[in-house]
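Participant: Okay, here's the structure, questions in a sec.
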Amino acid sequence: MIDLMLNTNITFYIGVFVQWGFLMAFLYSPASSINNADKSKVWLTSIMALSYSSSLFIDMDSITYFDFFLI
């Protein structure tokens with residue numbers, strides 16, 4: 001049977017790619033809507049970046065699904 005667990009190096013690069021994707025989505029939205037009157041994309045990407053960067057302060061090794069339920 002094929003082992004479904006990924007190597008830790010591969011998961012690190014997947015995480016870097018996901019973080020890069022969030023960064024590009026954040027930077028593209030404000031840059032594309034700088035000269036528009038509608039700033040909803042800027043607010044949405046700012047909230048997304050703020051919530052994503054809050055994961056820097058969470059220890060993901062010790063958190064459980066019940067902790068997510070309580071939030």
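The values are calculated or read from the model by the stated rules, or taken from the named source; none is laboratory data. As the structure is a prediction and not an experimental result, all values here were calculated from the model. Areas reflect the complete protein model, heavy atoms only, side chains present, ligands, DNA and RNA absent. Shrake-Rupley method; radii C 1.70, N 1.55, O 1.52, S 1.80 Å.
Participant: Please list 3J(HN,Hα) in residue order for segment 48-53, calculated via the Karplus relation 6.51 cos²θ - 1.76 cosθ + 1.60 where θ = phi - 60°; whole Hz, with x for glycine and proline.
Facilitator: 4, 5, 5, 5, 6, 6
Participant: Tell me, what is the 1.4 Å probe accessible area of residue 58, in Å² to the nearest 10?
Facilitator: Only protein atoms counted, so the area is about 80 Å².
Participant: Using a probe of 1.4 angstrom, how much of the accessible area of segment 13-71 is carbon and sulfur, in percent?
Facilitator: On the way: 3760 of 5230 Å².
Its accessible area is 72 percent carbon and sulfur atoms.
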